[in-house]
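Right, one structure below, let's go through it.
The values are calculated or read from the model by the stated rules, or taken from the named source; none is laboratory data. What you see is a predicted model; the values in this text were computed from it and never measured. When we count neighbours, we look across all protein chains shown, and the Cβ atoms used for this are built from the backbone with ideal geometry, even at glycine. Heavy atoms of the whole protein, side chains included, go into the accessibility calculation; ligands, DNA and RNA do not. Shrake-Rupley method; radii C 1.70, N 1.55, O 1.52, S 1.80 Å.
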Amino acid sequence: LMKRAALLTALVTLPAAALADSQLERMEAISEEMNEVMMVMMVNEAAANGADPEPLRAAMPDLTWDDAMREAGSCMLDEYTSEIGSDGVDEMLAKMEEFSVEMGEMGANGATMSELGDTSDMLPEGITMQRSAEITQDCGMMQLQMQRMEASGFMDAMIKAAQ
């Protein structure tokens, strides 16, 4: 009976776990794509303001997710799910995927961060840009990304480019 209960519990929780994994995998792919394009747009911005883009390009960090980023991403998904539900998270991820494609095209065409405009329309009902930033901060994702930008020399290159 215990084995049957354990098996039933596993079968009931399996779809939820699979959904969480697929949402996390989607979030990881979107994050990596968008971060790469944002770096390109930051370099474009510096170049548009007269800075030499080469030191920035050379210092662009690798923002590929590792275990620490997956843990932060999982934390973020948990937060979003508790506030907007799994369907809300799916809606948000779909909007982010769409936006990521648009952003990629813009970046490839030389667009800058200031040309990016308002990104709040990729957030679902019930999540503000401020709340999204809080979740990113609270789960440690922002810190992990900043550490990568610092370690690669990108932060220093940005500061030099701004001078």
With T = 25 °C, eta = 0.890 mPa s and Kirkwood Rh from C-alpha pairs, the Stokes-Einstein D of the range 22-160 in µm²/s is about 157 µm²/s
Quick P(r) readout (the range 19-96; Cα-Cα; 5 Å bins; whole %) gives 3, 15, 21, 17, 13, 11, 10, 7, 3, 0
Taking R0 as 25 Å and r as the Cβ-Cβ distance between D52 and E32, the FRET efficiency 1/(1 + (r/R0)^6), rounded to the nearest 0.05, comes to 0.40
Per the rule of 0.36 nm per residue minus the C-alpha distance, extending D87 to R70 adds in nm 4.1 nm
Whole-percent carbon and sulfur contribution to the accessible surface of the range 47-86 (1.4 Å, no ligands, DNA or RNA) stands at 46 percent
Diffing the range 58-63: the Karplus 3J(HN,Hα) column from phi (6.51, -1.76, 1.60, θ = phi - 60°), in whole Hz with x for Gly and Pro, holds 5, 9, 4, x, 7, 9
With label points set 7 Å from each Cα along the Cα-to-Cβ direction at Q147 and I159, the distance between them in nm comes to 1.9 nm
